[in-house]
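First up is the structure itself, then whatever we jot down about it.
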Amino acid sequence: MTTRLRTSLAAATAAALTAALTASLAGTATAAPDRDGHDATRRALRAAVADGVPGATATARDGHRTWTATAGVGDLRTGEPRSARDRYRVGSITKTFVATVVLQLEAEGRLSLDDTVEEWLPGLVRGNGHDGSRITLRHLLNHTSGVYDYTADEEFARTYFLADGFLRHRYDTVPPERLVAVAMSHRPDFAPGASWTYSNTNYVLAGLVVEKATGRPWGEEVRRRIIAPLHLRATSVPGTRVTVPAPSGRAYSKLAPTAEGPSYDVTELNPSLATAAGEMISDSADLTRFYSALLRGRLLPPAQLAEMTATVRTDESDESDRYGLGLMKRELDCGVTVWGHGGGIHGSSSEAVTTRDGRHALALNFNGDWSGDSEAVIEAEFCGG
C-alpha cells in the first residue's frame, strides 16, 4: 500500500522531536567528504531525521559500485542506530513483484492481459456497480479498473490504521476475499479504463488471479520466479507471519491522521491486511538488485517489459509521474527519468527506483510513517545538490 495509506497516516509536517533527540539522531548519519558523489543523498537522509523520522537507511548501485548510508536510530528504546542491512516491510513495492509474475505468465501463454477478472475470479467483482466482466487484468495492473480501494473504507481504516483498532486487531488474519468484499460495498470510482486512481484492491485481485492460474499461492510464485533466481536473500513473502526477520530495526507510527501524539511501535503486525498489494519484506540491497534486473530484461521477455513500461497518466495536468504495470515512471526536477515504486505500510515508508538502463538504482526506507521527504532523497541521489 502506498499513496492512500501514507495520506491517511501522515500529516504534511511532522511533530518535532526534542532538540536534544533531533541533534543526537542527526549526528548518527554517515559523515564523510563527498568523495563518492553521494553527499547530497546523505544530507537528504539527515534532513528526514531532523524532520522527525526515527531512522533512515539507503543503498545505491551505480554500475558495479554499491554505496550505503544510514541516519538516525532503528530502535527508539535502545538507541541502536539504523543499519544498511536492515530488513523492512516494503508495502506497495510488492506490486512490482506481483505484476512481474503476471507478465511472466502472459509470456508463457497461461493468461492474457486482455482476460477479464470475471474469467479468472467468477462472481468476485460484483455489486454496487462493479462488474468483473468489464475489467481486464491490464486494468488491474495499471490502476485503471475503477475498483474501489478497500483501504479507503472508513471502518477498515478505524480497525487497522488508527490506534484503538490497530492495537486490538494487529494480529488478525484477513482473507483476501474479505478485502475485496469491503471494496464491493462501495461504488466504483469510474468505469473501467475511463480514468486512473490508485487502488490496493487491484493487486489483491491480481494475486488471486496468479493463484488461480498456477494453482499455487502468489507468494510461492514470487519466491520461485524472482526471489530465488535473483538470490534475494533478504526478501520474503511473510504470509501471516507477524515479525520481521533479523537484522532489522523497529517500525513506528502515530496511528493517527496527524503527526501529533505518541509514537507506537508497530513492528509486529499480520500483513494479510495487505496481501499481494503490500505484504513483502526486503532490504535496500535486494530492492536495487531487483529493479536493476527487471529493467535490464532479466525477468521478462522484451514484449512483456514493453507492456510493463507502457504508461498512463496519473494526473491529467502533470506528465512528470506516469504509471505502467506495477511500475511508476517519474521525471525528476533535473530531467532524469527513474522507474520503480514506493511503498507505505504501518511504520515503514520505502522507495526503490532505477534508471531505464538499470545501471543506477536507489532504495531507501524510513522507519516512521508520519514525516520525512523520500522524494528529496531520490532527487539528491540522481540530481545532486
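Can you tell which of Gly324, Ala191, Gln304 lies farthest toward the positive end of the dipole of the chain, using +1 and -1 charges on the Cβ of basic and acidic side chains (Lys, Arg; Asp, Glu)?
Towards the positive end, the residue furthest out is Gln304.
Sort the following peptides by mean Cβ neighbour count (other Cβ atoms within 10 Å, averaged over residues), highest first: 343-356, 262-275, 109-122. Provide the component values of the computation, followed by the final result.
Values: 343-356: 26.1, 262-275: 20.4, 109-122: 16.0.
Peptide ranking by packing, descending: 343-356, 262-275, 109-122.
Ranking request for peptides 237-243, 276-282, 65-71: highest mean number of other beta-carbon atoms within 10 Å first, then the rest in descending order.
Details: 237-243: 15.1, 276-282: 27.6, 65-71: 19.9.
Ranked from most to least packed, the peptides come out as 276-282, 65-71, 237-243.
For Ala310, which sequence-distant residues (separation of 5 or more, or a different chain) have an amide H within less than 5 Å of its own amide H, given hydrogens modelled in the peptide plane?
HN-HN under 5 Å from Ala310: Leu325.
How long are the semi-axes of the ellipsoid equivalent to region 213-365, from square roots of 5 times the Cα gyration tensor eigenvalues, in whole Å, largest first? Before the final figure, lay out each step's value.
Values: eigenvalues 141, 95, 44 Å².
The answer is 27, 22, 15 Å, longest axis first.
I need two numbers for region 64-148: Rg to one decimal and Dmax as a whole number, Cα atoms only, in Å.
Gyration radius and largest Cα-Cα distance of region 64-148: 20.1, 54 Å.
What is the Cα coordinate range of the chain on the first, second and third principal axes, sorted by size from largest, in whole angstrom?
Extents along the principal axes: 58, 47, 41 Å.
In whole Å, what is the distance between the alpha-carbon centres of region 52-121 and region 292-353?
12
With a 1.4 Å probe and every protein chain kept in, tell me what percent of the accessible surface of region 77-147 is carbon plus sulfur. Can you show the working numbers first?
Numbers: 1090 of 2550 Å².
Answer for region 77-147 is 43 percent, counting heavy atoms of protein chains only.
Calculate for the chain the 222 nm mean residue ellipticity that helices alone would give, adding -39,500 (n - 2.57) per DSSP H run of length 4 or more and normalising by residue count, nearest 500 deg cm²/dmol.
Working: 14 runs with 122 residues, N = 385.
Estimated from H runs of four or more residues: -9000 deg cm²/dmol.
Sort region 300-380 into rounded, prolate or oblate with this rule: let a ≥ b ≥ c be the square roots of the eigenvalues of the Cα gyration tensor; rounded if a/c is under 1.5, and if a/c is not under 1.5, prolate when a/b is larger than b/c, oblate otherwise. Walk me through the intermediate numbers first.
Working: a/c = 1.65, a/b = 1.52, b/c = 1.08.
Note, shape of region 300-380 comes out prolate.
Calculate log10 I(q)/I(0) of region 160-300 for q = 0.22 Å⁻¹, where I(q) comes from the Debye formula with a single equal point scatterer on each Cα and nothing for solvent.
Cα-only, vacuum Debye calculation for region 160-300: -1.40.
Might you report the magnitude of the Cβ-based charge dipole of the chain about its Cα centre, with Lys and Arg at +1 and Asp and Glu at -1, to the nearest 20 debye? Kindly include the intermediate steps, with their values, before the conclusion.
Values: 41 positive and 47 negative charges, 214 e Å.
Roughly 1020 debye, rounded to the nearest 20.
If the reach is capped at under 25 angstrom between alpha carbons, list the lysines near Lys212, excluding any in the same chain fewer than eight residues apart.
Candidates past the 8-residue exclusion: Lys95.
The values are calculated or read from the model by the stated rules, or taken from the named source; none is laboratory data. The structure presented is a predicted model; accordingly, all values stated were derived computationally and were not measured. Cβ: placed from backbone, ideal geometry, glycine included. Neighbour counts: every protein chain shown. Protein only, heavy atoms only, side chains kept; ligands, DNA and RNA dropped before computing areas. Shrake-Rupley method; radii C 1.70, N 1.55, O 1.52, S 1.80 Å.
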